[in-house]
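Undergrad: Dropping the structure in here first, questions after.
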Amino acid sequence: MEIRLMQAEDVSAIAELEKTCFSDPWSENSIASELKNPLACWLVAVEDGSLAGYVGSQTVLDGSDMMNIAVAPAYRRKGIAEALVLALCEQLRNRNSICLLLEVRASNTPAISLYEKLDFVQIGRRKNYYRNPKEDALILRKELL
Ligand code: COA
């Protein structure tokens, strides 16, 4: 498995995986625009030439937000999400980011377990933050220093 920065050739496969995984997916255009966004850092995991997963982030000043992460169903429970988050943390440290924040659906046990394993700490809760279906978001933070 290879982890590398997102390139233009990855965009359509990422958009497909967004549709598979989320009720409110990012469009292909929005993902493509991140290639030109100096605040963005997106990584992909490639296995046997196929997109296995990706993670996207944006950094403002010294803090970063994880915008999304997904692993294709056939590649789950092999440590790919963990490897993507750790690689992202390394990239963000190199960009002088001191923390990584994210929101996650309160019922998303696989993702919450992943973040707990990687030392994210809950710092808040946003009531009814998500739609389709309506649900609270937990706000988690990981120190990068
Ligand atoms: N149930 C419980 N814990 C889980 C889990 C599951 N189904 N999937 C992952 N975890 C936790 C475990 O602690 C695991 O460590 P372990 O294997 O030593 O037990 C750790 O996460 C790392 O798992 P990993 O194999 O790296 O995760 P993954 O590659 O399967 O990807 C997601 C995890 C959440 C990214 C994947 O399930 C996914 O794409 N879900 C749909 C999209 C999504 O919900 N994204 C998060 C938005 S906030």
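Only the coordinates and a few stated rules stand behind these numbers; no lab work does. In this text the structure is predicted, and so the values were computed from the model without any measurement. Every residue, glycine as well, gets a Cβ built from its backbone with ideal geometry; the counts of neighbours run over all protein chains shown.
Undergrad: In whole percent, what relative contact order does the chain give with Cα contacts below 8 Å and a gap of six or more residues?
TA: Here the relative contact order equals 18 percent.
Undergrad: Quick one: of Lys19/Lys117; Lys78/Lys134; Lys36/Lys117; Lys36/Lys127; Lys36/Lys78; Lys78/Lys127, which pairs are farther than 28 Å apart, Cα to Cα?
TA: Violating the 28 Å limit, Cα to Cα: Lys78/Lys134; Lys36/Lys117; Lys36/Lys127; Lys36/Lys78; Lys78/Lys127.
Undergrad: Can you compute the helix-only [θ] at 222 nm over the chain? Use -39500 (n - 2.57) per DSSP H run of at least 4 residues, normalise by all residues, nearest 500 deg cm²/dmol.
TA: -8500 deg cm²/dmol
Undergrad: If you scale each eigenvalue of the Cα gyration tensor by 5 and take the root, what three semi-axes come out for the range 1-99, rounded to whole angstrom and sorted largest first?
TA: For the range 1-99, the ellipsoid semi-axes come out as 20, 16, 12 Å.
Undergrad: Also, I was wondering about something else. So if I place +1 on the C-beta of Lys and Arg and -1 on the C-beta of Asp and Glu, and nothing else carries charge, what would the dipole magnitude of the range 10-80 be about its Cα centre? I want it in debye, nearest 20.
TA: The dipole of the range 10-80 has a size of about 220 debye.
Undergrad: Taking the Cα-to-Cβ direction at Asn37 and at Gln122 and moving 7 Å from each Cα, how far apart do the two end points lie in nm?
TA: A separation of 2.7 nm, rounded to one decimal place.
Undergrad: Let me ask something else. Could you rank the peptides 110-121, 54-65 by their average count of other C-beta atoms within 10 Å per residue, with the highest value first?
TA: 54-65, 110-121
Undergrad: Mind telling me which of Ile69, Ile14, Ile123 comes out most flexible in a GNM of the chain, alpha-carbon contacts under 10 Å?
TA: Ile123
Undergrad: In whole Å, largest first, what are the principal axis extents of the Cα atoms in the range 85-125?
TA: Principal-axis extents of the range 85-125 (Cα, largest first): 32, 19, 13 Å.
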